[in-house]
Amino acid sequence: MENIGTICLQTQRLKLRPLVTTDARQMFNHWASDPKATQYLNWKPYSTIKDVENNLNEYQKNYVDSDYFFWGIEEKTTQQLVGTISANIADKTTKTAEVGYCIGQDWWNNGLTSEALQEVISYLFEKNDFERVEGFYDIENPASKKAMQKAGMTYEGTLRKRLVNNRGLVDKGCCAIVKKEYLSKKAEQQIFHFLDKIALSYELFYHKAVYTMEEIDFELPGTKVKNLFLKGKNTFYLVILPEKKRAPLKQIAQEVEERHLSFASDQKLSQFLHATQGAVSPLGLLFDTKQQVQLIIDKQLRSTEKIGFHPNQNDQTLVFSFPDFLTFLEKINHPPKYMSI
């Protein structure tokens, strides 16, 4: 996939668009001349509107570059320009983008920055060739960290005396999100939306994040199961077993007429189920629209009353009656194969 650069993007309240020279007055009045709005940035406040115009003229030349990402943030209701948001290629080898933003004081503390950032992250991952999006902030500016976290990014650490901005030499915090995490979080929302759309009953339980069965030290209703995502020669398999049952890969391979089965890679897990390790779930079959994954259920589970699965996030569990779970599989055209394992 190649990058496609700056295009117009829409959110519920915002329009993200390329800047034009006639934006100079709004940019100057709303944030670019304000020392408070720019105190955590590495460029000085502008002194005149003419200086802003000159810079905007330079920006126009860059918009032809498919690796250039720089938007004005416009409020839809008022059509006022309230700030900017950008992304730069930080590392081509790792396909990493670094985001930055600035917004005028009059629009602080109402979620506009995180709303714009969330849309930019989606665009960078879904329409452009990025695997990681990161952002840095002055640690004395917790509002910036909060905006990144609200947009789905995770705090990764602080580098001491690593940033120079209008306050001088400061400590720099880092937040980031990688593509497979983004897809998993988006998948969670889509799963809930689908379950509500088909009016399927479930119980939702929040808990600490768990990555293995051994880490589960809390009680949930229903039968505990483990889910294995396996790869054959040309086919993928999702196997559901009772919690304490060993996974006999050789036996399963014989049953499905494969010479060998192995655990599928993180990349394939993300590609087919939009999940990450520790959150493998048959609910992710919602995204296997070409039915490339065969679902296998241990016959012992047919007698269970309730069964629980992660909604592609391992800090939540959805508990269904077993018949309702089968209804879900029917709705997504994924009939299971039962096997005595």
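The values are calculated or read from the model by the stated rules, or taken from the named source; none is laboratory data. Bear in mind that the values here come from a model prediction, so they are computed numbers and not experimental data. Reconstructed Cβ throughout: ideal geometry from the backbone, glycine too, with neighbour counts over all protein chains shown.
Taking the options Phe229, Phe218, name whichever one is buried (at least 20 other Cβ atoms within 10 Å of the Cβ) and either in a loop (DSSP other than H, G, I, E, B) or in contact with a strand residue (DSSP E or B) (Cβ under 7 Å, 6 or more places away or on another chain) (or both). Outline the logic, then answer.
Details: Phe218 fails: buried (at least 20 other Cβ atoms within 10 Å of the Cβ).
The conditions single out Phe229.
Take the conditions out of contact with any Leu (no Cβ under 7 Å at 6 or more places or on another chain) and either of a type in the set (A, V, I, L, M) or assigned to a loop (DSSP other than H, G, I, E, B) (or both) and apply them to Arg259. Does it pass?
yes
Taking only pairs six or more apart or across chains, which ones have beta-carbon atoms under 9 Å, a first residue in the range 192-221 that is more than 23 Å from Leu286 (Cα to Cα), and a second residue that is basic (Lys, Arg) and in a loop (DSSP other than H, G, I, E, B)?
Filtered contacts from the range 192-221: Met213/Lys224; Met213/Lys244; Glu215/Lys208; Ile216/Lys224; Asp217/Lys208; Phe218/Lys208.
Collect the residues in the range 58-72 that are outside any loop (DSSP other than H, G, I, E, B) and either touching a residue at least 12 places away in the same chain (Cβ under 8 Å) or more than 15 Å from Asn3 (Cα to Cα) (or both), keeping them in residue-number order. Please lay out each step first, then the result.
We begin by selecting, within the range 58-72, every residue outside any loop (DSSP other than H, G, I, E, B); these are 58-62, 69-72.
Selection gives Glu58, Tyr59, Gln60, Lys61, Phe69, Phe70, Trp71, Gly72.
Among the residues of the range 113-133, which ones are closer than 18 Å to Thr84 by Cβ and either without any contact (Cβ under 8 Å) to a residue 60 or more places away in the chain or part of a strand (DSSP E or B) (or both)?
Within the range 113-133, Thr113, Ser114, Leu117, Leu124, Val133 meet the criteria.
What are the pairs with Cβ atoms under 7 angstrom where one residue, in the range 170-191, is within 15 Å of Thr154 (Cα to Cα) and the other, located anywhere, is modelled with pLDDT of 95 or more and in a helix (DSSP H, G or I)? Sequence gap at least six, or different chains.
Gly173/Lys145; Cys175/Lys145; Cys175/Met148; Cys175/Gln149; Ile177/Ile121; Lys179/Phe125; Tyr182/Ile121; Tyr182/Phe125
Based on this model, can you work out whether Ser33 counts as touching a Phe, Trp or Tyr at 6+ places or on another chain (Cβ under 6 Å) and surrounded by fewer than 21 Cβ atoms within 10 Å (Cβ to Cβ)? Give the steps one after another, and end with the answer.
Details: touching a Phe, Trp or Tyr at 6+ places or on another chain (Cβ under 6 Å): yes; surrounded by fewer than 21 Cβ atoms within 10 Å (Cβ to Cβ): yes.
In short, yes.
Hey, any hits in the range 31-52 for a residue that's within 30 Å of Asp129 (Cα to Cα) and in a helix (DSSP H, G or I)?
Taking every residue of the range 31-52 in turn, none turns out to be within 30 Å of Asp129 (Cα to Cα) and in a helix (DSSP H, G or I).
Which one is modelled with the highest pLDDT among residues in the range 311-341 that are more than 12 Å from Tyr202 (Cβ to Cβ) and β-branched (Val, Ile, Thr)?
Checked the range 311-341; the qualifying residue modelled with the highest pLDDT is Ile332.
How many residues are in a strand (DSSP E or B), among the polar types (S, T, N, Q) and farther than 24 Å from Gln12 by Cα if we restrict to the range 83-112?
First, the residues of the range 83-112 that are in a strand (DSSP E or B): 83-91, 96-103.
Then keep just the ones that are among the polar types (S, T, N, Q); that gives 84, 86, 88, 96.
Filter once more, keeping what is farther than 24 Å from Gln12 by Cα: 88, 96.
Within the range 83-112, residues that are in a strand (DSSP E or B), among the polar types (S, T, N, Q) and farther than 24 Å from Gln12 by Cα number 2.
May I ask you to list the residues in the range 232-251 that are of a type in the set (A, V, I, L, M) and either exposed (fewer than 14 other Cβ atoms within 10 Å of the Cβ) or over 19 Å from Gly278 (Cβ atoms) (or both)?
Of the residues in the range 232-251, the ones of a type in the set (A, V, I, L, M) are 238-241, 247, 249.
Scanning the range 232-251 gives a single hit, Leu249.
Which of the residues spanning the range 204-227 are closer than 16 Å to Gly278 by Cα and at pLDDT 80 or above? Walk me through it before giving the result.
Start the filter on the range 204-227 by keeping residues that are closer than 16 Å to Gly278 by Cα, which leaves 206-217, 224-227.
Of everything in the range 204-227, those that are closer than 16 Å to Gly278 by Cα and at pLDDT 80 or above turn out to be Tyr206, His207, Lys208, Ala209, Lys224, Val225, Lys226, Asn227.
Check whether at least one residue in the range 131-145 is in contact with a His (Cβ under 8 Å, 6 or more places away or on another chain) and farther than 19 Å from Trp43 by Cβ, and report yes or no. Please lay out each step first, then the result.
Taking the range 131-145 as the starting set, the residues that turn out to be in contact with a His (Cβ under 8 Å, 6 or more places away or on another chain) are none.
No, the range 131-145 contains no residue that is in contact with a His (Cβ under 8 Å, 6 or more places away or on another chain) and farther than 19 Å from Trp43 by Cβ.
Checking the structure you have, find out if any residue of the range 286-294 is charged (D, E, K, R) and in contact with a strand residue (DSSP E or B) (Cβ under 6 Å, 6 or more places away or on another chain). Give the steps one after another, and end with the answer.
Restricting attention to the range 286-294, the residues satisfying the condition of being charged (D, E, K, R) are 288, 290.
Still in the running and in contact with a strand residue (DSSP E or B) (Cβ under 6 Å, 6 or more places away or on another chain): none.
No, that holds for no residue.
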